[in-house]
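Note sheet for the following structure.
The values are calculated or read from the model by the stated rules, or taken from the named source; none is laboratory data. Because the structure is a prediction, the values reported are computed rather than measured. Here the Cβ is made from the backbone with ideal geometry for all residues, glycine too, and neighbour counts use every protein chain on show. These area figures cover heavy atoms from the full protein model, side chains too; ligands, DNA and RNA do not enter into them. Shrake-Rupley method; radii C 1.70, N 1.55, O 1.52, S 1.80 Å.
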Amino acid sequence: MDIARHLARIDELCFRPFPAGRGHHLVVLSGSHGLRGGDPAERAVTVDQYEKERDAVDALLAGRWGESETLGLQTVLLRTEREGGIPEPWAELSARARVAYVRQARGTGRWVALAVADRDAADEVQLLAAVTEEAPP
């Protein structure tokens, strides 16, 4: 776990301009290698590890900006599939992860989300951070 590196990356994203035409940053803080369609037991261990990393980062951010809210992404995914119109990065997060820890970064006007992307067993497991001005749906 490199929690200090994750925090530094989130801090950077809270102040970095957004790319042209995109009102958010979505980055991989940690990612597995070789788990695509691999051993389910090994995948479960990696998911657990990344959830612990997410929780550690979330606990440190709570000291700065207050407690996060847990956003169940299954509902967001269903709304995306049925209605469309769910803004990014929320639509992509819902396609990749089951839960996001979300909070506003005080003084920046931005939202920060942490999620473990493990929804697709044919893909790698990743710890994601999203920073956006778009409030959660």
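In the stretch 106-122, the residues that are in contact (Cβ under 8 Å) with a residue 40 or more places away in the chain reach residues that are assigned to a strand (DSSP E or B) and hydroxyl-bearing (Ser, Thr, Tyr) with C-beta atoms within less than 7 angstrom, at least six apart or across chains, in these pairs: 110/132; 113/101; 114/101. Scanning the stretch 13-38 for residues that are open to solvent by 80 Å² or more (accessible area, probe 1.4 Å) and within 26 Å of residue 62 (Cβ to Cβ) yields 15, 16. Filtering the stretch 99-116 to residues that are of a type in the set (Lys, Arg) and at pLDDT 95 or above leaves 103, 110.
Residues in the stretch 30-40 that are at pLDDT below 90 and either in contact with a helix residue (DSSP H, G or I) (Cβ under 7 Å, 6 or more places away or on another chain) or of a type in the set (Gly, Ala, Ser) (or both): 34, 35, 37, 38.
Of the candidates 88, 53, the single residue that is acidic (Asp, Glu) and within 20 Å of residue 15 (Cα to Cα) is 88. Put simply, of 118, 123 the only residue that is charged (D, E, K, R), over 18 Å from residue 62 (Cα atoms) and buried (at least 21 other Cβ atoms within 10 Å of the Cβ) is 118. Exactly one residue out of 69, 53, 81 is of a type outside the set (Val, Ile, Thr), within 23 Å of residue 134 (Cα to Cα) and at pLDDT 95 or above: that is 69. Number of residues in the stretch 39-70 that are open to solvent by 30 Å² or more (accessible area, probe 1.4 Å), in a helix (DSSP H, G or I) and farther than 23 Å from residue 124 by Cβ: the value is 5. For the stretch 63-80, a residue qualifies if it is within 22 Å of residue 30 (Cβ to Cβ), small (Gly, Ala, Ser) and touching a strand residue (DSSP E or B) at 6+ places or on another chain (Cβ under 8 Å), and exactly one does: 68. If the condition is being part of a strand (DSSP E or B) and hydrophobic (A, V, I, L, M, F, W, C), then the stretch 25-38 contributes 26, 27, 28, 29. Please find, within the stretch 126-137, the residue that is nearest to residue 83 (Cα to Cα) out of those that are in contact with a His (Cβ under 8 Å, 6 or more places away or on another chain) and surrounded by 15 or more Cβ atoms within 10 Å (Cβ to Cβ). By that ranking, first place goes to 134.
Residues that are closer than 23 Å to residue 19 by Cα, charged (D, E, K, R), open to solvent by 40 Å² or more (accessible area, probe 1.4 Å) and not in a helix (DSSP H, G or I) within the stretch 71-109 comprise 88, 106, listed in sequence order.
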